[in-house]
Structures are given as structure tokens and as C-alpha cells.
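No lab work stands behind these numbers, since they all come straight from the coordinates. It should be emphasised that the depicted structure is a prediction, and the values quoted were computed from it without experimental measurement. Cβ placement follows ideal geometry from the backbone for every residue including glycine, while neighbour counts extend to all protein chains displayed.
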Amino acid sequence: MIEEGKLGKIDSIDGLVMWKRDEAYYNNGTWRKDYSTAGGGVIINQAIHTLDLIRWLANSEVESVKGTVSHHGDTTAEVEDTTEGIIRFANGIRGLFYFTINNFADESIVVRVHGEKGSLAVEGGRCKVTYNDGREEVDEPDLSEFCGAKAVYGACHPVQIAEYYTEGSEPLVRRTMEEALKTQKLIHDIFASAGCPKE
């Protein structure tokens with residue numbers, strides 16, 4: 001829809017991850033607690049795919065990023081449990097994000113795209129498009145083919161892992177190492193903009 005211009009010029013793309021991780025989560029894998037072993041908290045372990053998706057949908061180089069990296073919860077973890085910020089892309093699109101693991105429960109990830117002709121929202125595998133003239137379109141795909149995974153976690157991991165081990169399979173997502181490194185650099189820049197000494 002973005003590529004076909006159905007939403008017009010895109011103004012912003014935002015991502016929201018609101019999950020719950022408590023002390024038991026960190027105690028179940030103590031490597032998750034520290035920057036030296038985990039590399040980060042919510043931004044690396046829970047929200048990296050959402051951040052990557054924002055960057056991919058913007059289809060532009062990152063011009064600047066400003067964010068905060070915080071630990072607000074009651075766990076003994078060193079890593080951040082909340083991060084938010086704004087990404088400015090070279091094509092004028094703004095990427096907004098808010099990720100936390102201090103929520104009361106795991107809620108579905110939300111990604112919204114706002115354009116001059118309308119907007120779309122993807123949540124829990126459901127995509128709803130709302131045009132400025134009041135028309136709406138809804139797409140609710142059958143997710144049962146994805147191993148019965150909860151939509152809140154994303155359903156493609158088993159499919160992608162299986163295709164990696166299947167010789168000659170057609171990749172579900174065609175990404176390059178260069179593209180993956182762009183998201184890693186974005187994460188680095190979020191930490192740097194927040195003045196976080198851990199990288």
C-alpha cells in the first residue's frame with residue numbers, strides 16, 4: 001500500500017511494544033540482566049523487530065535519532081526496561097517508538113503508518129486501513145499456518161528457521177547483512193543519543 005501510494009505521502013510510522021517481564025524472567029536467564037551479556041534490554045530482546053520494521057517501512061536512510069533509555073521497573077536487572085524516541089528519516093518520515101516491559105501483561109505489538117490520504121494500523125496480525133474519506137478496509141489473515149504461535153510474539157520465527165535449514169528454499173524475507181547492520185546502527189544511535197554509557 002505504501003509503495004502503491006494508496007496512503008499518499010507518508011508522514012510518520014510509529015511502533016508500540018507494551019509487554020511484561022518480571023524478576024522471574026531475568027532469573028530464568030541471568031544473562032538477560034546485564035549489558036555485558038545481553039547487550040541491552042527491551043530494545044534488543046523484545047522490540048528489535050518492531051524497530052527494524054519501522055526502518056524498513058520508511059524505506060529511507062536514518063538522518064537523526066533522539067531517544068531515552070531508562071530502567072523504571074522493580075527488577076534487579078541493569079538493562080533498560082523502557083525506551084522511547086523519534087527517528088528522522090532522510091525522506092521526511094518521522095519514526096516514533098515506545099517500548100516497555102513494565103506493562104500489566106503482554107499486549108499485541110502495534111505498528112501504525114500515517115499518510116496524507118489515510119492511515120493503517122497492524123495489531124495482532126490484523127491490518128486496518130482508514131482513509132480520510134471515511135472508507136475502511138480490514139485484513140485478518142489466518143495465522144494458524146504459523147505453528148499456532150501467539151500473534152503478540154510474532155509468528156514467523158518457526159517458518160524462517162525451517163526455511164534456513166531447507167536447501168533451495170525461497171526466503172520468506174529477503175534481507176541482506178547490510179540492511180541488518182543499519183538497524184544495529186540505529187540501536188547504537190538510540191543508546192548514544194540517550195547518553196547511555198552501555199553499548
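One table, with the values for the structure above:
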read-out: Segment 126-145, residues that are closer than 18 Å to residue 13 by Cβ and assigned to a loop (DSSP other than H, G, I, E, B); value: 132
read-out: Test for residue 120: is it surrounded by fewer than 19 Cβ atoms within 10 Å (Cβ to Cβ) and in a strand (DSSP E or B); value: no
read-out: So residue 34, is it under 30 Å from residue 116 (Cβ atoms), surrounded by 13 or more Cβ atoms within 10 Å (Cβ to Cβ), touching a residue at least 40 places away in the same chain (Cβ under 8 Å) and acidic (Asp, Glu); value: no
read-out: Those residues of segment 10-47 which are farther than 19 Å from residue 191 by Cβ and over 22 Å from the mean Cα position of the chain (by Cα), in sequence order; value: 23, 24, 27, 28, 29, 30
read-out: Selection within segment 40-68 - buried (at least 17 other Cβ atoms within 10 Å of the Cβ) and on the phi > 0 side of the Ramachandran plot; value: 40
read-out: Single residue of segment 73-107 satisfying the filter (more than 27 Å from residue 25 (Cβ to Cβ) and among the hydrophobic types (A, V, I, L, M, F, W, C)) that is farthest from the chain's Cα centre (by Cα); value: 90
read-out: Residue in segment 102-110 that is closer than 21 Å to residue 195 by Cα and of a type in the set (A, V, I, L, M, F, W, C) present; value: no
read-out: Near pairs, Cβ below 6 angstrom, 6+ apart or cross-chain, from segment 48-69 (within 22 Å of residue 119 (Cα to Cα) and in contact (Cβ under 8 Å) with a residue 60 or more places away in the chain) to any residue that is small (Gly, Ala, Ser) and crowded, with 19+ Cβ neighbours inside 10 Å; value: 50/15
read-out: Index of the failed condition, residue 14 passing every other in (1) touching a Leu at 6+ places or on another chain (Cβ under 8 Å); (2) assigned to a helix (DSSP H, G or I); (3) among the acidic types (Asp, Glu); value: (2)
read-out: Number of the condition not met by residue 86 [criteria: (1) crowded, with 16+ Cβ neighbours inside 10 Å; (2) free of Cβ contacts under 8 Å to residues at least 24 places away in the same chain; (3) aliphatic (A, V, I, L, M)]; value: (1)
